[in-house]
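Reading through the C-alpha cells given below for one structure.
Bear in mind these aren't lab numbers, they're just calculated from the coordinates by the rules spelled out. Just so it is clear, the model here is predicted, and its values are computed rather than measured. A quick note on method: Cβ atoms are made from the backbone with ideal geometry, for glycine too, and the neighbour counts reach across all protein chains shown.
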Amino acid sequence: MSELLSCKGCEGFEELFEDGFCGYCRNDIQKGHRDEDSGDLTEEGERYYKDEQESVEAYPKNCTKCDKGIWEGYQIETFKGVDYFCSDACAFNKGYTKEQYLKDYAEGGDTYWTEWEVSA
C-alpha cells in the first residue's frame with residue numbers, strides 16, 4: 001500500500017493499493033460491482049448499493065467507519081465504548097493494527113469477531 005490519495009473508484013481518501021483503488025473498491029471489483037478499468041459502478045453494483053441503502057434498517061449493526069449495515073464483523077472495545085467494523089479495512093486503520101487486535105482479543109473483554117442477529 002502507498003500514501004493517502006483519492007481513490008480512482010470512490011474518490012474517498014483511503015490508503016490505496018498500487019492500482020489506485022482503496023480496499024473497498026478492490027472488494028467491489030472482485031464482486032463485479034465496479035469496473036476494473038474505470039472504477040465506475042457496474043449496473044449490478046448500482047442495484048446492489050440501492051438495495052443495500054433501502055434495507056439498512058434491517059441490519060443489527062452498522063460499521064462505525066463506513067456506516068455499512070452488517071451481520072458480522074469486529075466488535076472492538078475502545079476508550080469511548082464499543083465500535084463495530086465490517087472488514088479489516090475499516091477495523092485496522094489510523095494506528096490500530098491486526099497485531100493490536102490479536103493482543104486485545106487475547107486479553108478478553110469486548111474485542112472479538114462475531115455475528116449479530118436482528119432483535120425482534
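Panel order for 41, 102, 16, by other beta carbons found within 10 Å of each beta carbon, from fewest to most: 102, 41, 16. In order along region 95-107, phi translates into HN-Hα couplings of x, 8, 10, 4, 4, 5, 4, 4, 5, 4, 4, 5, 7 Hz, rounded to whole numbers, per the Karplus curve 6.51 cos²θ - 1.76 cosθ + 1.60 with θ = phi - 60° and x for Gly and Pro. Relative to the current alpha-carbon distance between residue 11 and residue 98, full extension at 0.36 nm per residue lengthens the span by 28.8 nm.
Extension gain, residue 58-residue 31: 0.36 nm per intervening residue step, less the Cα-Cα distance, totals 7.5 nm. In this simple spin-label approximation, residue 88 and residue 40 carry label points 7 Å from Cα along the Cα→Cβ vector, and these lie 3.1 nm apart. Going through (i) 82, 43, 28; (ii) 43, 31, 30; (iii) 44, 40, 21, the figure that equals Cα extents along the principal axes in Å as computed for the structure here is (iii).
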